[in-house]
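Participant: Pasting in a structure now, in structure tokens, and then I'll have a few things to ask.
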Amino acid sequence: VPEDEANKLLLASWGLPKAVLEKYHSLGVVQMFEWQAECLMLGQVLEGKNLVYSAPTSAGKTLVAELLILKRVLETRKKALLILPFVSVAKEKKHYLQ
């Protein structure tokens, strides 16, 4: 992330509603890793273009997906589909996102 865009690591700089930021902050998530911010700044990803990315288990891939989904849903008022591998994970995310 270029030095002039270092504030992009902070979740608060992505235009998320206060309630969403408070939820992330209560879970200890205040900023992203550089690679996560880079994913969000690639091309026209924030305008709905495709993004394929890969990272090790527990590296933070879900946060990138959540932020993209949240921003798109809030900005376009359209629905999103989040596919998860297990029922338990799906229930956890449903509760978390509500």
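Participant: Test VAL45 against the criterion of being of a type in the set (A, V, I, L, M, F, W, C) and in contact (Cβ under 8 Å) with a residue 24 or more places away in the chain, and give yes or no.
Facilitator: no
Participant: Determine whether ALA65 is touching a helix residue (DSSP H, G or I) at 6+ places or on another chain (Cβ under 7 Å) and open to solvent by less than 70 Å² (accessible area, probe 1.4 Å).
Facilitator: Considered against the rule, which asks whether it is touching a helix residue (DSSP H, G or I) at 6+ places or on another chain (Cβ under 7 Å) and open to solvent by less than 70 Å² (accessible area, probe 1.4 Å), ALA65 comes out as no.
Participant: Restricting to the stretch 63-81, and then to whatever is touching a Lys or Arg at 6+ places or on another chain (Cβ under 9 Å) and not in a loop (DSSP other than H, G, I, E, B), can you tell me which residue is farthest from TRP35 (Cα to Cα)?
Facilitator: That would be VAL73.
Participant: Pairs, please: C-beta under 6 Å, at least 6 apart or cross-chain, first residue under 17 Å from LYS94 (Cβ atoms) and in the stretch 11-24, second open to solvent by 40 Å² or more (accessible area, probe 1.4 Å) and at pLDDT 90 or above?
Facilitator: Note: no pairs meet the criteria.
So that you can scan it fast, the table gives a plain yes or no per residue for (1) over 16 Å from TYR96 (Cα atoms); (2) among the hydroxyl-bearing types (Ser, Thr, Tyr); (3) touching a Gly at 6+ places or on another chain (Cβ under 8 Å):
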position: LEU9; (1), (2), (3): yes, no, no
position: SER13; (1), (2), (3): yes, yes, no
position: LEU27; (1), (2), (3): no, no, no
position: VAL45; (1), (2), (3): yes, no, no
position: LEU82; (1), (2), (3): no, no, no
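Participant: Looking only at the stretch 5-17, decide whether some residue is surrounded by fewer than 16 Cβ atoms within 10 Å (Cβ to Cβ), among the hydrophobic types (A, V, I, L, M, F, W, C), out of contact with any Lys or Arg (no Cβ under 7 Å at 6 or more places or on another chain) and modelled with pLDDT under 90.
Facilitator: Yes - at least one qualifying residue is present in the stretch 5-17.
Participant: Pairs under 9 Å by beta carbon, first residue in a loop (DSSP other than H, G, I, E, B) and modelled with pLDDT under 85 in the stretch 82-98, partner open to solvent by 100 Å² or more (accessible area, probe 1.4 Å) and not basic (Lys, Arg), six or more apart or different chains?
Facilitator: LEU84/GLU92
Participant: Return the residues of the stretch 27-62 that are basic (Lys, Arg) and either in a helix (DSSP H, G or I) or surrounded by 12 or more Cβ atoms within 10 Å (Cβ to Cβ) (or both); say none if nothing qualifies.
Facilitator: Answer for the stretch 27-62, where residues must be basic (Lys, Arg) and either in a helix (DSSP H, G or I) or surrounded by 12 or more Cβ atoms within 10 Å (Cβ to Cβ) (or both): just LYS61.
The values are calculated or read from the model by the stated rules, or taken from the named source; none is laboratory data. Not measured: the values here are computed from a predicted model. We place every Cβ from the backbone using ideal geometry, glycine too, and count neighbours over all the protein chains shown. The protein model used for the area step is the full one, side chains on, heavy atoms only, and it has no ligands, DNA or RNA in it. Shrake-Rupley method; radii C 1.70, N 1.55, O 1.52, S 1.80 Å.
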